[in-house]
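> Here you go, one structure.
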Amino acid sequence: QVQLVESGGGLVQAGGSMRLSCVASGNMRRIGAMSWHRQAPGKEREWVATMATYGNTNYTDSVKGRFTLSRDSAKNTLFLQMNSLEPEDTAVYYCYADIQPRGSFIAYPYWGRGTQVTVSS
């Protein structure tokens with residue numbers, strides 16, 4: 001089965017850095033766009049950053065200049081480098097990907113289970 005697994009979350013002090021990873025695995029033909037989303041306690045899930053199929057990136061305004069996407073295509077892995085972290089960045093971070101399973105004519109949306117990021121002040 002196709003799945004996404006996030007890792008790299010934890011506790012960090014304000015101003016610190018952290019790198020999240022998202023690994024796609026399973027019987028896949030193609031991986032399309034991948035993105036990071038986050039959900040803080042009591043808030044709706046929000047979009048954070050997207051890497052399009054061929055590498056173009058977009059970020060929500062609140063993380064521009066602090067967060068950077070990168071990928072290791074050979075390992076089907078998307079990274080989110082987070083610098084200058086703020087308490088407002090505290091949330092569960094979820095990975096999303098459009099993935100076409102082998103044997104399917106279309107892609108489907110896949111979500112990871114999330115990784116907790118806590119930034120202390």
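The values are calculated or read from the model by the stated rules, or taken from the named source; none is laboratory data. Fair warning: this is a prediction, and the values are worked out from it, not measured in the lab. Don't worry about glycine lacking a Cβ; one is built from the backbone with ideal geometry, like all the others, and counts go over all protein chains shown. Keep in mind that these areas ignore ligands, DNA and RNA; they rest on the heavy atoms of the full protein, side chains included. Shrake-Rupley method; radii C 1.70, N 1.55, O 1.52, S 1.80 Å.
> How many percent of the accessible area of the chain is carbon or sulfur, using a 1.4 Å probe?
Carbon plus sulfur share of accessible area: 47 percent.
> Rounded to the nearest 0.05, what FRET efficiency is calculated for residue 121 and residue 30 with R0 set to 41 Å and r the Cβ-Cβ distance?
Values: r = 42 Å, r/R0 = 1.03.
Computed FRET efficiency for residue 121 and residue 30 comes out at 0.45.
> When the Karplus curve 6.51 cos²θ - 1.76 cosθ + 1.60 is applied with θ = phi - 60°, which whole-Hz ³J(HN,Hα) does each residue of region 12-23 get, with x for Gly and Pro?
Residue by residue, region 12-23 yields 9, 7, 3, x, x, 10, 7, 10, 9, 10, 9, 10 Hz.
> Roughly how many nanometres apart are two label points built 7 Å out from the Cα toward the Cβ at residue 66 and residue 53?
Calculated label separation equals 3.3 nm.
> I've got another one for you. For the chain, what does the accessible surface come to per residue with a 1.4 Å probe? Please give it in Å². Can you show the working numbers first?
Numbers: 6830 Å² over 121 residues.
About 56 Å² of surface per residue is accessible.
> In bins 5 Å wide, starting from 0, what share of all Cα pairs of the chain does each bin hold, as a percent?
It works out to 2, 12, 23, 24, 19, 11, 6, 3, 1, 0, in whole percents.
> Now a separate question. As I understand it, the dipole of the chain uses +1 on the Cβ of Lys and Arg and -1 on the Cβ of Asp and Glu, about the Cα centre. Which of 76, 5, 56 lies farthest toward its positive end?
Result: 76, furthest along the dipole toward the positive end.
> What is the magnitude of the charge dipole of the chain about its Cα centre, with +1 placed on the Cβ of each Lys and Arg, -1 on the Cβ of each Asp and Glu, and no other charges, expressed in debye to the nearest 20?
On the way: 12 positive and 9 negative charges, 90 e Å.
Its charge dipole is roughly 440 debye.
> On to the next question. Under the 0.36 nm per residue contour assumption, what length would be gained going from the current alpha-carbon distance of residue 7 and residue 19 to full extension? Please report the intermediate quantities before stating the final value.
Values: separation 12, 0.36 × 12 = 4.32 nm, distance 0.87 nm.
Between residue 7 and residue 19, full extension yields an extra 3.5 nm.
> Could I get the Rg over Rh figure for region 1-69? Both from C-alpha atoms, Rh via Kirkwood, rounded to two places.
Numbers: Rg = 13.7 Å, Rh = 13.9 Å.
Taking Rg over the Kirkwood Rh, I get 0.98.
> Tell me, what is the percent relative contact order of region 24-121, built from C-alpha pairs under 8 Å that lie six or more residues apart? Can you show the working numbers first?
On the way: 183 pairs, mean separation 29.7, N = 98.
Relative contact order of region 24-121: 30 percent.
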